Structure formats: structure tokens, C-alpha cells
Amino acid sequence: MIEDAKRHKNDRAYFYKARAEFNEIVRNGFEIPDIRLASLFLYLNKTAFNGLYRENRRGEFNVPFGKYKPKIVDEERLRRASEVLKNLDIYNEDFTHVLRVAKPGDLV
């Protein structure tokens, strides 16, 4: 993912092309390698206006290009986060389901 993310450009035209690609992937049900989707998400988060994530009624990411020069890839921080997250289970479920499977000591 890091290598793919390093290829992104902090450029207005490129941003809108990447945003369209991201929305197309989401619209088609994520049937691409997770690496590309993660790379696009990171890029859009770093270069969109104020780092916002917002969707329109069609479920499309619709934040405009930001007018600053962020560091898109912080490789050291991404690798540290990867290490921390390796042994975690992250649920995107209704809280009642999570409470049923949670064990003492779990962060819910």
C-alpha cells in the first residue's frame, strides 16, 4: 500500500481523477485489491479540504481538493500503525452484536 500511495500526486486534476476512481470502486462493491482502495483513501484523506470525509446522497466521496501541500505518505507512522493493528479485531457491527462477543478486557 505504501508503494502505491507514494505514486500519488498533490495536484488538483490528479485529485479529481483519484476521487472518481475511488467512487467507482465503492460503487462497484470494492471488487479490487484492498491495497488500491487503502491507497486512494489515504491520498484523499491527506489532500481533500481539511482532511474531511463526506459523502453525497449517492454515497460518493465529494470533498473538494485542499489548497495545501501535505505529506501524503508518512511511511514510519504507517508501519507503526500496521504493527499495532495486526493483532486486533475491528468490528463494523451493531453494538448489540459486539457486546455479545466481547470478552473481559476488550475495548468496546
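If you go through segment 84-108 and keep only what is of a type in the set (A, V, I, L, M), in a loop (DSSP other than H, G, I, E, B) and loosely packed, with under 10 Cβ neighbours inside 10 Å, you end up with LEU88, ILE90, LEU107, VAL108. For segment 22-50, filtering for residues that are of a type outside the set (S, T, N, Q) and surrounded by 13 or more Cβ atoms within 10 Å (Cβ to Cβ) leaves 15. Of the candidates ARG77, ARG19, the single residue that is in a helix (DSSP H, G or I), of a type in the set (D, E, K, R) and surrounded by 15 or more Cβ atoms within 10 Å (Cβ to Cβ) is ARG19.
Considering segment 14-53, the residues that are among the acidic types (Asp, Glu) and farther than 15 Å from ASP4 by Cα include one that is modelled with the highest pLDDT, namely GLU24.
Against the condition among the aromatic types (Phe, Trp, Tyr), surrounded by 10 or more Cβ atoms within 10 Å (Cβ to Cβ), assigned to a helix (DSSP H, G or I) and within 19 Å of the chain's Cα centre (by Cα), how does TYR53 come out, does it pass? Even if it seems obvious, please write down each step before you answer.
Working: among the aromatic types (Phe, Trp, Tyr): yes; surrounded by 10 or more Cβ atoms within 10 Å (Cβ to Cβ): yes; assigned to a helix (DSSP H, G or I): no; within 19 Å of the chain's Cα centre (by Cα): yes.
The answer is no for TYR53.
For segment 32-55, the set of residues classified as free of Cβ contacts under 8 Å to residues at least 12 places away in the same chain and touching a helix residue (DSSP H, G or I) at 6+ places or on another chain (Cβ under 8 Å) consists of ILE32, ASN45, TYR53, listed by residue number.
The values are calculated or read from the model by the stated rules, or taken from the named source; none is laboratory data. Model, not experiment: these values are computed from the prediction. Cβ coordinates were reconstructed from backbone atoms using ideal geometry, including for glycine residues, and neighbour counts include every protein chain displayed.
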